[in-house]
Each structure stands twice: as structure tokens, then as C-alpha cells.
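Right, one structure below, let's go through it.
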Amino acid sequence: TQLLEQSPQFLSIQEGENLTVYCNSSSVFSSLQWYRQEPGEGPVLLVTVVTGGEVKKLKRLTFQFGDARKDSSLHITAAQPGDTGLYLCAARNTGGFKTIFGAGTRLFVKA
Amino acid sequence: DAGVIQSPRHEVTEMGQEVTLRCKPISGHDYLFWYRQTMMRGLELLIYFNNNVPIDDSGMPEDRFSAKMPNASFSTLKIQPSEPRDSAVYFCASSFRSGGFPGNTIYFGEGSWLTVV
């Protein structure tokens, strides 16, 4: 069974702080995605990374895919209360379309 | 554009009753997924379809669960009989495979909140 482990499970920080959350696995994936979920809604895609070592930036968010395509990180600079939510990583194995999700990191940014 | 539409949004039912959750995927999408989300287990893939055909149902917890996709615009997830441990948010999601790109976006509905008492 392929598993995605996310850490930390929960993070509570002050507005303006930086943070990094991680997504790790022992398996190699063809792509890895990060989603954000707000209460009462479904997850919404933030970014997709497909190349080992790839770095993508989305405003204050920086995403990195590990060289071996087994892990990823999400770094948020100067967090804001609007960043509060559940951050989920998702991965798809090579040649397939089955997409599994990590348990998520629940982020709370205090004003 | 309409997103993935799920119904009902909320359902409370008694143990032993049949529950049917419904989903209309985004038009033109050829993949449909059913996920279940709980605090304890996170977001679990139950089953997914490609062009209305079930491809992987290894996540379906037991025989009490069944899913169908009679056409490209409709799918159901049925639980019969329901049990309290089935209480969760059930998400339907759809996607479109564009060429060989491995990272197509999965679009989620707002979820069906099921409580079995």
C-alpha cells in the first residue's frame, strides 16, 4: 500500500511567521499535487509538480518536489489568517490514475 | 461553469437504513472518484471510474458499499445497510485526462455529510 505521510499534523502560528510542511513517501510518483481545503468545502488544487527537483512558486507559497520524486514540501512566507486551512498532498503512481491523499496538515494562522 | 454537484448535502439516517449519495461530474470529464473523509482516517479513495467503467474499487470498505456509473453524467454510492461507523463526509470528484500529462486536476464537489445514528 502506498502511503503519503504529512507533517506536522497540526500547526498554529502567528500572522507574519514562515512555515514549512512536508509530504513523504517510500514510493516514487509520476506527479504530486498540493490541495487546500476549507471547512465545509472540497479540496482545491494549488499546484502540480511532475519533475524531480522542480520548484514552483505561487505568490507567498513555494512548492518543491524531491529529486527522487518521493517527497515534497510546501513553504509559506509571511503567513496570513487567510492561509488557514487543511493542506493535503496527493500523488499518482506512474502509469495510473489512482490518486491517494495524505492525512493533511491543519494550519491555523492567528491575527 | 457548473462544478461537481453532489446530493444530498447533509443526511442523517438510522442504523440499518439504505443511503444513496448522488453525483453529477463536470461535463466532459472522463474520470470520476468517490472519496470518504474522516478525522481519524483522512481522505480515502473508495473507487474510481474511467469512461463509466469501475477501474479500482479496492478502497470500498465492504460489501455494504456499492457504486455505479450508468452514464457519463451520473454516479451513485450506496450503503446498505448503514452503520454508525459509516458517518463521514463523502466526496465525489472528477477529472479529465489530457494526453499523457500525469498531473491533471481533480475537481471536488462540496461533499455529502452523512451521519448514521
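Filtering the stretch A:84-105 down to residues that are at pLDDT 95 or above and touching a Lys or Arg at 6+ places or on another chain (Cβ under 8 Å), which residue is nearest to the other protein chains (Cβ to nearest Cβ)? Here the residue is A:Leu88. Within the stretch B:11-47, the set of residues being at the interface with chain A (Cβ under 9 Å from one of its Cβ atoms) and in a strand (DSSP E or B) comprises B:Tyr31, B:Phe33, B:Tyr35, B:Gln37, B:Gly42, B:Leu43, B:Glu44, B:Leu45.
Select from the stretch A:39-53 the residues that are over 14 Å from the mean Cα position of the chain (by Cα) and on the phi < 0 side of the Ramachandran plot and list them in ascending order. Correct list: A:Pro39, A:Glu41, A:Gly42, A:Thr51, A:Gly52. In the stretch A:29-111, counting only strands (runs of 3 or more DSSP E) that sit wholly within it, the ones holding 3 or more residues that are small (Gly, Ala, Ser) span A:85-92.
A quick yes/no check of all residues on (1) hydrophobic (A, V, I, L, M, F, W, C); (2) under 22 Å from B:Met39 (Cβ atoms):
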{"site": "A:Val28", "(1), (2)": "yes, no"}
{"site": "A:Leu45", "(1), (2)": "yes, no"}
{"site": "A:Val50", "(1), (2)": "yes, no"}
{"site": "A:Lys59", "(1), (2)": "no, no"}
{"site": "A:Leu74", "(1), (2)": "yes, yes"}
{"site": "A:Ala111", "(1), (2)": "yes, no"}
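Would you confirm, using the coordinates I've provided, whether A:Arg106 is surrounded by fewer than 20 Cβ atoms within 10 Å (Cβ to Cβ), of a type in the set (Lys, Arg) and touching a residue at least 40 places away in the same chain (Cβ under 8 Å)? Show your work before the answer.
On the way: surrounded by fewer than 20 Cβ atoms within 10 Å (Cβ to Cβ): yes; of a type in the set (Lys, Arg): yes; touching a residue at least 40 places away in the same chain (Cβ under 8 Å): yes.
Taking the combined requirement at face value, the residue satisfies it.
Having 2 or more residues that are under 21 Å from B:Arg41 (Cα atoms) and either small (Gly, Ala, Ser) or away from chain A (no Cβ under 14 Å) (or both) is the bar; report the strands (runs of 3 or more DSSP E) wholly within the stretch B:51-117 that clear it.
Details: elements: B:53-56, B:65-71, B:74-79, B:88-95, B:112-116.
Answer list for the stretch B:51-117: B:65-71, B:74-79, B:88-95, B:112-116.
Within the stretch A:24-60, being in contact with a Leu (Cβ under 6 Å, 6 or more places away or on another chain) and modelled with pLDDT of 95 or more holds for A:Trp34, A:Tyr35, A:Arg36, A:Gln37, A:Pro43. Do you know which of the residues in the stretch B:86-111 that are charged (D, E, K, R) and modelled with pLDDT of 95 or more is farthest from the chain's Cα centre (by Cα)? Looking at residues that are charged (D, E, K, R) and modelled with pLDDT of 95 or more, I get B:Asp86.
The values are calculated or read from the model by the stated rules, or taken from the named source; none is laboratory data. Since we're looking at a predicted model, the values are computed, not measured. All Cβ positions, even for glycine, are placed from backbone atoms using ideal geometry, and neighbour counts span all protein chains on display.
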